[in-house]
Amino acid sequence: MANEIRKPGFRGRSFARTIAFQIICEHDVNPGGLTALDDDYIRAKFSELSGADASDEDDALLAAEERPRGKVSSEDVAQWSDFARTLIRATLSGRDAVDRQLAEASENWRLDRMSLTDRNILRMAVAEIGLGTPAAVAINEAVELGKKFGRDAESPKFINGILGRVVQEQNRTSDEGPLPPQ
């Protein structure tokens, strides 16, 4: 099991989530679709994996120790880049529906009161679950992003709690079938 964690694919998807998260936060501040600049950023960050060491311009968000380890093929880079783009598109295009789910799950917390980072980690995780990633994986990855980027020490717990409620509600709704109109 420990060997699987060291596979490039595991860390590569985490790396892709970090890049997607950065772009999603940018779009929360400056709304718009996936742009050419976003695509250039994705390409630049992933090209660093297949080439030389990380540049001095790299920030702590993408520190060398968090990059995928081992041999990274161009196929891996293409797959992770596509995953980042898919995650961004799903989060941005499904934002209204995701925000409704989050609003229902976050008692006493309006979305506009949440920190930018926590709100977008939550959005991205719910969108990723909608793409078919197992809920436990998406929640774990979201909690890790919360530890790294969250507003404060309580962010991981907050993120875990809200996502747990979202998943419970999704499970309850799917078990009951669609609710009848009122």
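In table form, for the structure just shown:
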| item | result |
| --- | --- |
| Lone qualifier among ALA97, ALA52, ALA63, ALA105 - being closer than 30 Å to GLY164 by Cα and modelled with pLDDT under 85 | ALA63 |
| Conditions (1) in contact with a helix residue (DSSP H, G or I) (Cβ under 7 Å, 6 or more places away or on another chain); (2) assigned to a loop (DSSP other than H, G, I, E, B); (3) closer than 18 Å to ILE88 by Cα: number failed by GLY132 | (1) |
| In region 68-107, the residues that are among the small types (Gly, Ala, Ser) and outside any loop (DSSP other than H, G, I, E, B) | SER74, ALA78, SER81, ALA84, ALA90, SER93, ALA97, ALA103, ALA105 |
| Residue count for region 167-182, restricted to those that are modelled with pLDDT under 95 and either under 20 Å from SER14 (Cβ atoms) or among the hydrophobic types (A, V, I, L, M, F, W, C) (or both) | 1 |
| Search result, residues across region 115-136 that are within 13 Å of LEU163 (Cβ to Cβ) and among the aliphatic types (A, V, I, L, M) | ILE121, LEU122, MET124, ALA125, VAL126, ALA127, ILE129, ALA135, ALA136 |
| Selected residue (only one of ALA127, ALA84, ALA78 is modelled with pLDDT of 85 or more, outside the structural domain of GLN22 (by TED's automatic domain parsing) and of a type in the set (A, V, I, L, M, F, W, C)) | ALA127 |
| Subset of region 14-26 that is of a type outside the set (S, T, N, Q) and surrounded by fewer than 19 Cβ atoms within 10 Å (Cβ to Cβ) - its residue that is nearest to the chain's Cα centre (by Cα) | CYS25 |
| Test: residue in region 152-167 that is within 20 Å of ASP38 (Cβ to Cβ), hydrophobic (A, V, I, L, M, F, W, C) and buried (at least 18 other Cβ atoms within 10 Å of the Cβ) | no |
| Every pair of residues 6+ apart whose Cβ atoms lie under 6 Å, when the first sits in region 60-89 and is under 12 Å from GLY12 (Cβ atoms) while the second is at pLDDT below 90 and aromatic (Phe, Trp, Tyr) | VAL77/PHE46; SER81/PHE46 |
| Check on VAL166, over 22 Å from ILE42 (Cα atoms), assigned to a helix (DSSP H, G or I) and aliphatic (A, V, I, L, M) | yes |
| Criterion violated by LEU37 - all others in (1) loosely packed, with under 11 Cβ neighbours inside 10 Å; (2) at pLDDT 80 or above satisfied | (1) |
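The values are calculated or read from the model by the stated rules, or taken from the named source; none is laboratory data. These numbers were taken from a predicted model, which means no experiment stands behind them. In this analysis, Cβ positions are derived from the backbone assuming ideal geometry, glycine residues included, and neighbour counts consider all displayed protein chains.
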